[in-house]
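Structure first, commentary second.
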Amino acid sequence: MAESTPKRPALKVGDEAVKAKTGKVWADWFKLLDKAGARKLTHPEIATLLHEEHGLTGWWSQMVTVGYEQGVLGRAKGEKKDGYEVSASKTVASSMKDLFDAWNDAKRRAQWLDDKVTIRKATPYKSMRVTWSDGKTILAIGFYEKPGGKSQVAVQHGRLKDAKEAERVKAYWRKALGRLQAALGSG
């Protein structure tokens, strides 16, 4: 198997930070994963290998896996096996209950979200799984309590067809979450 020609992944994590947390810089991880046959492994298989055989935490296993996929396999930022994924988040001066209800209640949601969605699963004040109005793309929504009476919502929008659509959807969510903040009276 040919050795990789490492390039810096699109991640905002440099060699110093990776080495401080994992003991290796990007190039060392790339070589190690190539030697382990990672070019033929799936994303979960690479992350499991890093966790089980090299002792990385779950978060760092994912980070190094994505870095390898970007730096060696040529995966674009946000690219996944089933398309592209983008994320956006917003911290608001609102209770967790009010923030969750602004998503969960269809009438309240219509005040700030232009598109119709189908809530597939909701765990109050924690998370939601949502199907987007196109019936294909999926939203994973997390809710987090923050200090000072604030709350945060984080949206992951997946199964997007290409980088151009991902860019458009990321801009959409920046605006939509701004409208949500205003609807909650915390803008």
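The values are calculated or read from the model by the stated rules, or taken from the named source; none is laboratory data. Note that the structure is a prediction, hence the values are computed from the model and not measured. Every residue, glycine among them, receives a Cβ derived from its backbone with ideal geometry; neighbour counts consider all protein chains shown.
Here ALA166 qualifies as closer than 12 Å to GLU85 by Cβ and small (Gly, Ala, Ser). For LEU73, the criteria (1) surrounded by fewer than 17 Cβ atoms within 10 Å (Cβ to Cβ); (2) of a type outside the set (D, E, K, R); (3) out of contact with any strand residue (DSSP E or B) (no Cβ under 9 Å at 6 or more places or on another chain); (4) under 19 Å from ILE138 (Cβ atoms) hold in every case but one, which is (4). Looking only at residues of region 70-108 that are in contact with a Pro (Cβ under 7 Å, 6 or more places away or on another chain) and assigned to a helix (DSSP H, G or I), we find that the one that is modelled with the highest pLDDT is PHE100. Against the conditions (1) assigned to a strand (DSSP E or B); (2) closer than 22 Å to LYS77 by Cβ, TRP173 satisfies every one except (1). May I ask you to verify whether TRP112 is under 21 Å from the mean Cα position of the chain (by Cα) and at pLDDT 95 or above? No.
In region 11-69, what residues are within 22 Å of VAL86 (Cβ to Cβ), part of a loop (DSSP other than H, G, I, E, B) and of a type in the set (Ser, Thr, Tyr)? Of everything in region 11-69, just one residue is within 22 Å of VAL86 (Cβ to Cβ), part of a loop (DSSP other than H, G, I, E, B) and of a type in the set (Ser, Thr, Tyr), namely THR42.
Residues in region 9-42 that are modelled with pLDDT of 90 or more and among the hydrophobic types (A, V, I, L, M, F, W, C): ALA17, VAL18, ALA20, VAL25, TRP26, ALA27, TRP29, PHE30, LEU32, LEU33, ALA36, ALA38.
Kindly evaluate VAL153 against the criterion of being touching a Gly at 6+ places or on another chain (Cβ under 8 Å) and within 18 Å of ARG168 (Cα to Cα).
Here the answer is no, as VAL153 does not meet what is asked.
Do we find that THR123 is among the β-branched types (Val, Ile, Thr), assigned by TED's automatic domain parsing to the domain that holds LYS170 and touching a residue at least 12 places away in the same chain (Cβ under 8 Å) in this structure? Criteria not met by THR123. Taken as a whole, the structure places TYR84 among residues that are assigned by TED's automatic domain parsing to the domain that holds ARG174, surrounded by 17 or more Cβ atoms within 10 Å (Cβ to Cβ) and either closer than 22 Å to VAL13 by Cβ or among the aromatic types (Phe, Trp, Tyr) (or both).
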